[in-house]
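**Student:** Okay, handing you the structure first.
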Amino acid sequence: LFSQISQLLPEERQEKGKQLNQYKLEIQKLLAQAQKSPLKTDQKKAKNTYQLAKFGHEHPITITQNKLNDLFRELNFSLYEGPEIETDEFCFERLNVPKNHPSRELQDSIYIKEPELLLRTQTSSIEARLLSDQKPPFKASFPGRVYRNEKVNKSNHFVFHQYQAVAVDKNLSLKDLIGTLDYLFKNM
């Protein structure tokens, strides 16, 4: 800006020169203050005060599932997961779903390779796997995503979450089920 003063009319040069000199003095003063500022620290101190910013949060479904997991663990239930790509055997056969049942049709289930492979339609398939692998007694819970051939809109989606539990032992009764549900509802 100082080098451009010579291009101005003589009467403008003096006024512009005064303005530029004022700006120059203000900038020099600010720079001098900045050098004395407590913000200027040595590199070792700067490294010790550095913190990563936190981004995001847990989804409400994740929060709910984790809370349920904790409550079932308090009741001595084991936590099981199963495959989301499931076979007809565990998704329908072992659950006694007849061959002509509507849930097996293409409009309800999402087949990957019909009729054998499909996306899990219910977390009961995890229970069917557990019952085929484990001998009672056991208490187990199964959280997970399930898939249905649904038209997606504001109130529907083809993916949703289920939470299921099973207890198999001698001397269990409906009273145990009611007590478990009561405990869960009071603590959620």
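The values are calculated or read from the model by the stated rules, or taken from the named source; none is laboratory data. Keep in mind the model is a prediction, meaning the values are calculated, not measured. Positions of Cβ are generated from backbone atoms using ideal geometry, with glycine treated the same way; all protein chains shown enter the neighbour counts. Accessible surface areas use protein heavy atoms only, side chains included; no ligands, DNA or RNA. Shrake-Rupley method; radii C 1.70, N 1.55, O 1.52, S 1.80 Å.
**Student:** I need the full set of residues from the range 70-111 which are at pLDDT below 90, assigned to a loop (DSSP other than H, G, I, E, B) and of a type in the set (D, E, K, R), in order please.
**Tutor:** K99, E105, D108
**Student:** Okay, next question. Taking E58 and the conditions (1) at pLDDT 85 or above; (2) under 19 Å from H161 (Cα atoms); (3) in a helix (DSSP H, G or I), which numbered condition does it fall short on, given that it satisfies the others?
**Tutor:** (3)
**Student:** Return the residue satisfying two criteria in turn: it lies in the range 112-132 and is touching a residue at least 24 places away in the same chain (Cβ under 8 Å) and part of a loop (DSSP other than H, G, I, E, B), and of such residues it is nearest to S78 (Cα to Cα).
**Tutor:** Top of the filtered list is T123.
**Student:** Consider R129 carefully, then state whether it is over 21 Å from Y163 (Cβ atoms) and crowded, with 16+ Cβ neighbours inside 10 Å.
**Tutor:** no
**Student:** Next question. Would you say L79 is open to solvent by 50 Å² or more (accessible area, probe 1.4 Å), under 27 Å from T64 (Cα atoms) and among the aliphatic types (A, V, I, L, M)?
**Tutor:** yes
**Student:** Moving on. Does K67 satisfy the criteria of being touching a helix residue (DSSP H, G or I) at 6+ places or on another chain (Cβ under 9 Å), modelled with pLDDT of 90 or more, within 16 Å of Q164 (Cα to Cα) and surrounded by fewer than 15 Cβ atoms within 10 Å (Cβ to Cβ)?
**Tutor:** yes
**Student:** Could I ask something else about it? Of these, N96, N100, N69, which one is closer than 26 Å to S141 by Cβ, polar (S, T, N, Q) and free of Cβ contacts under 8 Å to residues at least 12 places away in the same chain?
**Tutor:** That would be N96, the only listed residue that is closer than 26 Å to S141 by Cβ, polar (S, T, N, Q) and free of Cβ contacts under 8 Å to residues at least 12 places away in the same chain.
**Student:** Kindly check whether there is at least one residue in the range 133-145 that is without any contact (Cβ under 8 Å) to a residue 60 or more places away in the chain and open to solvent by less than 70 Å² (accessible area, probe 1.4 Å).
**Tutor:** For the range 133-145, residues without any contact (Cβ under 8 Å) to a residue 60 or more places away in the chain and open to solvent by less than 70 Å² (accessible area, probe 1.4 Å): absent.
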